[in-house]
Amino acid sequence: MNELGGTGRGTNGAQTPGYKDGAEARSDARESRRRPSHLADLDELFCPPWANKIVNETIIRSNIFTMARGTVITILMAAVGANGFASSPTKTLDVAIIGAGTAGTYTGWRLLEAGHHGPEDVQIFERVNHVGGRFFSPVIGCDEDTERSPRTELGGMRIRNTDAMMLGVCRTLNIETGPFNMNKNVPNPPATQAEPFNQAAYNEQCEGKIPGCAGDEPTAPIFLGGLFSDRETVEAQLLEKQTYAPPTDNTEMSMFGKVPYVIDEWPPPHVVASRIEANHATGTGNPCNISNAHHIMEGPTHSGIGYGGKKVFETSTWDALATGQGVDTKAVGTNEFHLIDYLSGYQGYLGSKSAVNVGVNDATFAPSAEVVAPLERPTQSYTRPLRGMQEIPLAMGRAFSELGGTIQLNHQLLRVEKRDTDYWLTFRKTWTSPCSDVTTFEGPGGGELITVAAKRVVVALPKSALKRVQFVDSSGRLQDRVDALCNAIASAPAMKYFASYASRWWETFAQDNHPDFPNDEPFNVGRVTGSNVVPNFFAWYPGVQQNADKPRPQCVDESMGVIQTYVTGFSDRTYEGLLRQQEQNQCKETDVEQCSKCFSDETGFVGPAADHVTKSLADMMRYQLAYTFGLDPIDDADKVPEATQIKYRIWSNDNPVTQTDSCHYFKSGHKWWKLYEEARFLDTGLHLIGEAFSFNWFWGEGAMETAEYMLQEVMGLKRPSWLSREEYCWAMPYWSIPRRNSE
């Protein structure tokens, strides 16, 4: 396994590289772009004159400080200087990058590849023991790690055809990709070395297909509040009859409520911003126009100024749907809200009642609907790297290392202190358990405090991690700026659960248990959505990950298969209690071969010990899957077989493994495009990047997009040859400052 963690479990047991001796930083690296004048107007918003300032020294001298979500970390006073500040730095860097996810590794690779800094002057620091961030793609149900092995996607799982940066990186770093199959109509390109996957040709084949390559499989099952049918039948019924039929005796669902959903007008507006006319305000619809934010986010729509007197940026998805303003249909009621969530598969903080700013909504989950925003392009197809999404940051990390850069794993940032000419960064070394994946300050190599100086600091962290960092400057305003940015975004938890089975029971499960099921098609690709706690159930391998006719490794039996469940509605609250987390936290074994001392059948865990899966979680998922397929979960859970292997991740700010929610978005009411620019220009030599503060929120493209805008607009790098100017503008069409690379 390589230093960056390979493509499997990560970097358990990997050596952490030491600091390299560096030369003096070049003078041009000391230069940072002056904050645009219009951002000075935000200073009063972040730090109003009447605000009481907390004296920095009081915070610094304290031997404890409270972290996000009540976590308390003790800082030993012995490691702090007599003046209350951290001890002197052991190293001075040109650039310190915090976070080895997509944004961090992209930044490091681009800086060295462009020759902007010497390799000894740029380092990446990461809290855990592997590269990847919210991309994590270990193999499941197989002991061979190949391009065609069944592989989980415990974080992000796909690339849109419009994600020019993600696709450009894959081409440049020779990351092999293939289709992400959402339905049976998706083209099935050959899988031979002589005929590699061609993204452009694939996109062309997808054009005009019904359903489109990004659309759901019409024959796939769907479960809606007691009615078990297929998607095609339910959608036709909605369109033709405007009613959602109650369960009948034939559906054998008498234990569920029989009150029908009556939909007076269907389809409802998927996103109200779909009614904004693309060229109405700007006259061009040009993504490179720096007036887009002013004209569209603050300007008129076809039905007046904003929605119900509000401007676009002041309106949330829920607000727009609930009031019915700015659209040609009536307001959406409770039944419609539920139906939108159940059909889409996205509930909770990602559902129709979210606080997401309409100005940053996208068309991703309604590919057949009209474009949802004036400068948004609907998704037509998805792809994924054959070695999983984690291969993207891994490949960028390898390229960074091959150029001489260093990645410091198991280093958690605690404090950023602005000095006269640089920043002092305080890290504490961590240890990641090979058995529970929990990262703490206790364990081999953990606990030591280190101070590093850097002339420029790029912080590529999610919101929860950012809130655990203390920002200090002489004025006290730096912490206020960071807090204000964090308060303008919301985040959403999610759970990813993959299970391998000896046979693919789900392919005929609907027909086997429901004689009146509308079709005889096997469910072998796509997803089931519905009103269950598990709103997304994917026929993953073979299926979504790759077609059944593609080559398989020798470890995979012909009848074997893998499913994915993707829970977006309050997954942290729903499943955390089943994890026996206290027992997981107490496991201190340092050798992965000894994990069975902590996790075994005798202690209430199932499967390989290093997967730390409780029997309670496995049993609950069988219960929920029976429900998903329209069965009585109490009587019929045993119809769902036991899995041969399970892997999962709960993305939650409170989860000790991930310590972050799955995705972020700007809340309504904030001039998000100004906050976007503020994050890039936070202070001289200090920048925030990553999906949390992006336009392409929820997607890996958002992480790269924020990094690229910082690299070009702040640090002055040239645009890479594989990215056109138009693609660069599309990545963030509401940038309101003249772009540096205008040609």
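A few comments on the model shown:
- The length gained by stretching the chain between Thr590 and Asn741 to full extension, at 0.36 nm per residue less their Cα-Cα distance, is 49.4 nm.
- Length added when fully stretched, Gln582-Ala484, from 0.36 nm per residue minus Cα-Cα: 31.9 nm
- Per-residue SASA entry for Cys555, accessible area with 1.4 Å probe, Å² rounded to 10: 40 Å²
- The residues of the range 605-728 expose on average 27 square angstrom of accessible surface per residue, using a 1.4 Å probe on protein heavy atoms.
- For the range 461-595, alpha-carbon Rg over 2.2 N^0.38 Å: 1.56
- Length-normalised contact order of the range 627-721 in % [C-alpha pairs under 8 Å, at least 6 apart]: 16 percent
- Of the solvent-accessible surface of the range 174-227, computed with a 1.4 Å probe and all protein chains present, 49% belongs to carbon and sulfur.
- Extension gain for the segment Ser600 to Arg171, taken as residue separation times 0.36 nm less the Cα-Cα distance, is 150.1 nm to one decimal.
- Label point distance in nm, Asp638-Thr684, each placed 7 Å from Cα along Cα→Cβ: 7.3 nm
- Accessible area per residue for the range 457-521 is 30 Å², calculated with a 1.4 Å probe on protein heavy atoms, without ligands, DNA or RNA.
- Inverting the pair-averaged 1/r between distinct Cα atoms of the range 612-718 gives 17.4 Å as its Kirkwood hydrodynamic radius.
- Applying 1/(1 + (r/R0)^6) with R0 = 22 Å to the Cβ-Cβ distance of Lys615 and Trp505 gives a FRET efficiency near 0.65.
- Take the Cβ atoms of Phe197 and Asp512, set R0 to 45 Å, and the FRET efficiency comes out at 0.80.
- Listed pairs Lys467/Lys615; Lys311/Lys353; Lys209/Lys550; Lys463/Lys667; Lys310/Lys674 exceeding 24 Å between Cα atoms: Lys467/Lys615
- Centroid-to-centroid, using Cα positions, the range 399-444 and the range 608-626 are 33 Å apart.
- Over the range 660-718, all Cα pairs binned in 5 Å intervals from 0 give whole-percent P(r) values of 4, 20, 28, 25, 15, 5, 1, listed from short to long.
- Spacing of the two label points (7 Å from each Cα toward its C-beta) at Ala548 and Glu402, in nm: 3.8 nm
The values are calculated or read from the model by the stated rules, or taken from the named source; none is laboratory data. Please read all numbers here as calculations on a predicted model, not as lab measurements. We place every Cβ from the backbone using ideal geometry, glycine too, and count neighbours over all the protein chains shown. Quick note on the areas: whole protein, heavy atoms, side chains included, nothing else; ligands and nucleic acids left out. Shrake-Rupley method; radii C 1.70, N 1.55, O 1.52, S 1.80 Å.
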